[in-house]
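Asker: One structure, pasted below without further comment.
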Amino acid sequence: MTNEHGGIVVEGVARSFGSVQAVRDIDFEAPPGEVTALIGPNGSGKTTLLLMLASLLAPDSGTVRVAGFDPVTQPAEVRTRVGWMPDTLGVWDSLTVLEVLKTVGALYGMKAAECALRADELLVAVNLTEFGQQPARVLSRGQQQRLSLARALIHDPEVLLLDEPASGLDPGSRVELRSLLRTLAAEGKTVVVSSHVLSELDEIADRAVFVSRGESVKSQTLDEAGNQTRRYYVQAQPMAALAEALGRYGVRFEVRGDSRREEFLVQLGSTAEASWLLRTLVMGDVVVTAFAPAGGALEETYMSLDTDRR
Amino acid sequence: MSTVAEPSTPNPVRTTARLPFHTAVRTVFLLEMKQRLRGKAWYWMLGIWFVVIGFIFVLATGVIGTTDNQGGILFDLVVGFVLFFGLLVAPGLSANAVNGDRAGGTLAILQVTLLTPGQLLAGKWLASWVGSLAFLLLSSPFIFWALALGGVDAREALVSLLMLAVELAVVCAIGVGVSAVAYRPLFSIVSTYMLVALLAIGTLIVYGLSTQLVMEERTMTTSYYTYPDSSVDDMGVPDANAELECVTQTNLSMVPRTEYITWILSANPFVVVADAVPYNLEDYPDPEVPPGALTNGPYYTPGVMETISQGVRASQAGPDDNQTCEESAQLMQPLPQGTPIWPLGLGIQVLLAGALLLLGRRKLTMPAKRLAQGTRIA
């Protein structure tokens, strides 16, 4: 799946800060040409792992290979191939947007003309063209986020590491981020996205690695996630008829408590089972007004892991 | 974002994984200078500096307008003040260079590029040095004014300015080094001020205290001219025909052998500058004045920095255990330079700055193995 010269392979990595074990044991693979989601609750070690991939932090143990190179012994090789977008925004306030991109490009050894060309392209790609000559401090949070993404892409990296890229973006920008990432993956780049906006990742990611308390607890492709047991919510008019019908077919349900609307949650093993239930209900003259998966496929996995929530 | 971010060249950077030193340093330097030139703080500091130096200069011109060597004293004063204020300003310009970026979240962005820690520190240092040289440049009207009054030769002026620039470079290097070692900007600025104070004031204190360690009992011979008792009448007025005679006294006393401890002073920035400057010592009165006679100048009137230079030379010479009558009758004479002490001082300063920069370079080398408590990379 991951060849010698591309993608990311992490095996048994651990890293602690003093007495705090930020990462205990993470196995992680991100093949080229795919978007890999890194999912986990706050403080589960996502950022620490990304820092190790970006060659900023040395692991205490375990092996890391990024685009075929070891970030600890060959940091320069890794850095030319990796674009990293941190979760904290850092901007040089008084520099213009174009200057920020050109400065960083120059530090990747790009020629001035090459830099300028690439910077213009990226400003178009992240919709910041009209801000090119503006100082970075006038940008809103979402615009700075997009500038940060352009900055990470300036040297056309093979591997892209994005730490919470969607936070602060308006819905339109999220859609654009999604298509940009899909495009990059289609070009054969390795894209890693850490986030906890799971519905977002459902649509972007090809595969997901779940981390919890510094350990990788599960790794699955989105296709696998789609085929697992999922919960569906069902609404009908009136609900009593639905309850009676479900009872008749022996389908167990629970009343969903976290929603404003009154609805039932049912656990179904596959999409075939779901279509059977829907058809049966409709044929049985139950007025079904809503029938949909309760959450995204990844959310389903995330909730089923149940490791950090007690 | 809907448009494709195609690379403009099929294979842009892959060729080299090393950034040429001058490119890297220039990029960091320009990055720093752009931010400084577009901020307001630097201009305010320059403005205040100009007003303060101008005020002191005009005040000093009024006070010492009548003395000999007016140009020399004024020039010396400007050099002394520029050094003094430079020592105050340079840490402010340099001591948050690196950890200020860390606080702003921009350090890690530089660290994931091909920029090496050494290149980063070199660029930051250059930028803060050039920033503080602007203060020197802004003092030039007063420097030229003093030079126009005469009494300062070109060599003295040139070396003074050169040494000022060198001292600013050293302080900036210390500041940048500390800013890379320490995590909090406030802490590093205070630490840099403490280090500068250690050099400027601490050396003096240690020197002063050390005199107690080098006390030695020595036979001191002092001679002076006086009228013989026989020629003085009841009122204490000497007889008109009386001749002065030389009286020599010897006594045992404890004197500090300052020649052993003068090196302590060498690391003082004021000493480094003063000791390096070749003051013109030739136009002063003939030492062979007849005893008791008063001459009509020119008197030897050293300025601030030259006084420091003379003090160091006197300290290097150690106690004079045999003062002759001729010496006692002479006017104050400038001491010629023995062994220059400034190379030692500058060496100590450069060693300190270099050690801090090396330590800072190690701290900035990524991937990081160890991190200080409570710090984040990004």
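The values are calculated or read from the model by the stated rules, or taken from the named source; none is laboratory data. Source: prediction; values computed, not measured. So basically every Cβ, Gly included, is an ideal-geometry build from the backbone, and we count neighbours across all protein chains shown.
Asker: Just to be sure, is B:Leu121 touching a Leu at 6+ places or on another chain (Cβ under 9 Å), free of Cβ contacts under 8 Å to residues at least 40 places away in the same chain and assigned to a helix (DSSP H, G or I)?
Answerer: Judged against the criteria, B:Leu121 is not a match.
Asker: Give me the residue from the range B:57-98 that is over 30 Å from B:Ala182 (Cα atoms) and among the small types (Gly, Ala, Ser) and, out of that set, surrounded by the most Cβ atoms within 10 Å (Cβ to Cβ).
Answerer: Applying the filter and picking the extreme gives B:Gly72.
Asker: Among the candidates A:Leu162, A:Leu98, which residue alone is more than 9 Å from every other protein chain (Cβ to nearest Cβ), assigned to a helix (DSSP H, G or I) and not basic (Lys, Arg)?
Answerer: Every option except A:Leu98 fails the conditions.
Asker: Please go through the range A:76-95 and pick out each residue that is at the interface with chain B (Cβ under 7 Å from one of its Cβ atoms), buried (at least 24 other Cβ atoms within 10 Å of the Cβ) and free of Cβ contacts under 8 Å to residues at least 40 places away in the same chain.
Answerer: A:Arg79
Asker: Can you tell me which of A:Pro59, A:Pro71 is within 11 Å of another protein chain (Cβ to nearest Cβ), more than 23 Å from B:Leu120 (Cβ to Cβ) and outside any strand (DSSP E or B)?
Answerer: A:Pro59
Asker: Further question on the same structure: Report, ordered by the first and then the second residue, all pairs with beta carbons closer than 7 Å, sequence separation of six or more or different chains, a first member in the range B:32-48 that is more than 13 Å from B:Ser132 (Cα to Cα), and a second member that is modelled with pLDDT under 90 and not in a helix (DSSP H, G or I).
Answerer: Cβ pairs passing all conditions: B:Lys34/A:Ser94; B:Gln35/A:Trp92; B:Gln35/A:Ser94; B:Arg38/A:Ser94; B:Gly39/A:Ser94.
Asker: Please return the ranges of strands (runs of 3 or more DSSP E) entirely within the range A:227-300 where 2 or more residues are among the aliphatic types (A, V, I, L, M).
Answerer: A:230-236, A:264-268, A:288-293
Asker: Considering only residues that are touching a strand residue (DSSP E or B) at 6+ places or on another chain (Cβ under 9 Å) and within 25 Å of A:Arg81 (Cβ to Cβ), look in the range A:112-153 and name the one that is farthest from the other protein chains (Cβ to nearest Cβ).
Answerer: Within the range A:112-153, the subset touching a strand residue (DSSP E or B) at 6+ places or on another chain (Cβ under 9 Å) is A:131-136, A:145, A:148-149, A:151-153.
Next, only the ones that are within 25 Å of A:Arg81 (Cβ to Cβ) stay: A:145, A:148-149, A:151-153.
Working: A:Gln145: 11, A:Ser148: 9, A:Leu149: 8, A:Arg151: 7, A:Ala152: 9, A:Leu153: 6 Å.
Result: A:Gln145.
Asker: Tell me whether the range B:78-94 contains one or more residues that are of a type in the set (Phe, Trp, Tyr), touching a Leu at 6+ places or on another chain (Cβ under 9 Å) and either at pLDDT below 90 or over 18 Å from B:Met33 (Cα atoms) (or both).
Answerer: Looking through the range B:78-94, none of the residues is of a type in the set (Phe, Trp, Tyr), touching a Leu at 6+ places or on another chain (Cβ under 9 Å) and either at pLDDT below 90 or over 18 Å from B:Met33 (Cα atoms) (or both).
Asker: Out of A:Gly105, A:Gly109, I need the residue that is more than 28 Å from the chain's Cα centre (by Cα), within 23 Å of A:Leu184 (Cα to Cα), facing chain B (nearest Cβ under 10 Å) and of a type outside the set (A, V, I, L, M). Which one?
Answerer: Values: A:Gly105 fails: more than 28 Å from the chain's Cα centre (by Cα).
It is A:Gly109.
Asker: Let me ask another. In the range A:27-47, what count of residues is obtained for those that are assigned to a loop (DSSP other than H, G, I, E, B) and in contact (Cβ under 8 Å) with a residue 40 or more places away in the chain?
Answerer: 9
Asker: Which ones in the range A:198-226 are within 26 Å of A:Ser16 (Cα to Cα) and part of a loop (DSSP other than H, G, I, E, B)?
Answerer: Of everything in the range A:198-226, those that are within 26 Å of A:Ser16 (Cα to Cα) and part of a loop (DSSP other than H, G, I, E, B) turn out to be A:Arg213, A:Gly214.
Asker: For the range A:99-130, give me the residue count where each residue is within 21 Å of B:Leu30 (Cα to Cα), buried (at least 19 other Cβ atoms within 10 Å of the Cβ) and out of contact with any Pro (no Cβ under 7 Å at 6 or more places or on another chain).
Answerer: 14
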